[in-house]
1. Please verify whether segment 126-137 includes one or more residues that are over 12 Å from the mean Cα position of the chain (by Cα) and more than 20 Å from Ala40 (Cβ to Cβ).
2. So for segment 164-183 (the condition being closer than 20 Å to His103 by Cα and either without any contact (Cβ under 8 Å) to a residue 12 or more places away in the chain or surrounded by 21 or more Cβ atoms within 10 Å (Cβ to Cβ) (or both)), does at least one residue qualify?
3. Which of the helices (runs of 4 or more DSSP H) contained wholly in segment 47-130 include at least 3 residues that are within 29 Å of Val164 (Cα to Cα)?
4. Do any residues in segment 84-104 that are more than 15 Å from Ile64 (Cα to Cα) have Cβ atoms under 7 Å from those of residues that are outside any helix (DSSP H, G or I) and among the charged types (D, E, K, R), where the two are at least six apart or on different chains, and which pairs are they?
5. Look through Val141, Val124 and report the one residue that is surrounded by fewer than 14 Cβ atoms within 10 Å (Cβ to Cβ), outside the structural domain of Lys34 (by TED's automatic domain parsing) and in contact with a helix residue (DSSP H, G or I) (Cβ under 7 Å, 6 or more places away or on another chain).
6. Could you go through segment 193-209 and let me know if any residue there is closer than 30 Å to Pro54 by Cβ, surrounded by fewer than 21 Cβ atoms within 10 Å (Cβ to Cβ), outside the structural domain of Lys34 (by TED's automatic domain parsing) and more than 12 Å from the chain's Cα centre (by Cα).
Amino acid sequence: MLDNDALIRLSVLTALIVAFQVLVSHVSLEREAKRRWQHALTGHVIVQASYIIPMSYGNAGLMIGAVGMAYVRLYHPYKFMEAFGPLLRPEELEAGKLPGAFHFLIGSSLTATLFNLPIARYAVECLAIADPMAAFVGKSVPSPQLNKSASVAGSFACFITSLVVGYLMLEDASLLQLSMGALGCTLAEAMPFGNDNLTIPLMTAVAVACFSNSY
């Protein structure tokens with residue numbers, strides 16, 4: 001049973017995530033910049049909330065948010081487009097197509113369910129920060145393309161960002177563990193298939209867990 005304090009914190013978390021999504025969608029920026037801010041803000045709020053909300057409650061909130069988003073997208077598409085349309089990529093505008101934010105919430109929830117808290121926090125923070133950094137650098141710095149959606153510069157930025165995030169978040173982790181986590185994140189971000197909102201946190205967490213005895 002939810003205690004009152006946890007219920008209040010969970011409600012605030014849910015409200016913040018929704019508010020960030022709506023706010024960013026109406027800021028005067030180009031679409032991809034909005035998506036990068038959306039990624040960073042949502043992921044960081046989820047990670048910080050895990051320090052004040054029991055994980056079981058937080059997971060419930062993530063799943064409720066994902067189901068609620070899917071419901072509104074599928075059954076109230078006009079309201080959904082009014083609130084979040086400016087954040088959507090062309091392929092997400094198709095009728096019945098679930099947005100990246102849905103997969104972001106599902107990916108975060110699965111990672112938190114399957115891995116212990118330090119690894120899950122790190123993996124979600126990589127999704128929040130390293131993925132947008134890869135997109136930003138990839139579009140800003142000319143470099144050879146690895147595939148249609150990834151470049152050498154973007155992948156390098158993703159690896160370095162993930163490495164720094166790991167150094168800051170994974171206490172006592174070895175260089176090997178940090179490097180494997182960063183490599184897992186970079187490979188997931190660069191893959192030309194799958195949804196990186198799912199693959200980045202899961203592959204990052206798997207990479208760290210496989211090379212760690214203490215997490």
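1. no
2. No, that holds for no residue.
3. Working: elements: 55-75, 77-84, 100-114.
Hits in segment 47-130: 55-75, 100-114.
4. Glu91/Lys97
5. From the options Val141, Val124, the qualifying one is Val141.
6. yes
The values are calculated or read from the model by the stated rules, or taken from the named source; none is laboratory data. This is a predicted model, so every value here is computed, not measured. Ideal geometry is used to build each Cβ from the backbone, glycine not excepted, and the neighbour counts take in all protein chains shown.
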